[in-house]
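The values are calculated or read from the model by the stated rules, or taken from the named source; none is laboratory data. Since this is a predicted model, take the numbers as computed values, not measurements. Backbone-built Cβ (ideal geometry, glycine too); neighbour counts: all protein chains shown.
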């Protein structure tokens, strides 16, 4: 009788361990919980975007690079059905070029540029002030912190950094688009 009970315990432990192993591990760069812009809902990036190619961008509504919202939205619409997401994080770190109110920032993005890609709560991206998400991205990029608004980080489907692009590289540049296509196909 004891052997039978012992065998059941071993089988139960093996099943529990194999079901844990079946759950994919959260990649460190996506292991963050963030609040949606001008809202109460929070997303755990790992659960929401795991297995997707992701572009994370620090944005600013009043910046001269704000027209890049058009390119970001264009990329999002073009590739979202293939497993691609753009995540925008407004920041006033560079020149105070973001609205003080998250609702104003959200309205600006939606009404001026038709932004449908996910936008998250205002954050800090600048070296020395960066929140944990941007600290992790910059560390993965060998210290490449945003030096201005609209810095773009690209992660592959495994949540690994595969590209870091400054403000002057537009989101629809051939360099970025080729990288995204390759990551989606890979």
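Just a few scattered comments:
- For the residues 39, 51, 64, the requirement of being within 22 Å of residue 139 (Cα to Cα) and part of a loop (DSSP other than H, G, I, E, B) singles out 51.
- Residues that are more than 21 Å from residue 181 (Cα to Cα) and in contact with a strand residue (DSSP E or B) (Cβ under 6 Å, 6 or more places away or on another chain) were ranked within segment 44-58; the one that is surrounded by the fewest Cβ atoms within 10 Å (Cβ to Cβ) is 44.
- Residue tally, condition under 17 Å from residue 43 (Cα atoms) and either part of a helix (DSSP H, G or I) or within 9 Å of the chain's Cα centre (by Cα) (or both), over segment 77-88: 4
- Scanning segment 23-64 for residues that are under 28 Å from residue 147 (Cβ atoms) and more than 14 Å from the chain's Cα centre (by Cα) turns up 38, 60, 61, 62, 63, 64.
- Looking across segment 134-145, just one residue is buried (at least 22 other Cβ atoms within 10 Å of the Cβ) and either touching a helix residue (DSSP H, G or I) at 6+ places or on another chain (Cβ under 8 Å) or not in a helix (DSSP H, G or I) (or both), and that is 137.
- When 70, 107 are checked against the criterion of being in contact with a helix residue (DSSP H, G or I) (Cβ under 9 Å, 6 or more places away or on another chain), assigned to a helix (DSSP H, G or I) and either farther than 20 Å from residue 134 by Cβ or in contact (Cβ under 8 Å) with a residue 60 or more places away in the chain (or both), a single residue qualifies: 70.
- Which numbered condition residue 81 misses (of (1) surrounded by fewer than 18 Cβ atoms within 10 Å (Cβ to Cβ); (2) free of Cβ contacts under 8 Å to residues at least 40 places away in the same chain; (3) over 15 Å from residue 49 (Cβ atoms)): (3)
- Cβ pairs under 6 Å, 6+ apart, first in segment 157-180 and farther than 18 Å from residue 145 by Cβ, second in a loop (DSSP other than H, G, I, E, B) and at pLDDT 95 or above: 157/51; 159/27
- Qualifying residue in segment 146-163 (condition: assigned to a helix (DSSP H, G or I) and touching a helix residue (DSSP H, G or I) at 6+ places or on another chain (Cβ under 8 Å)): no
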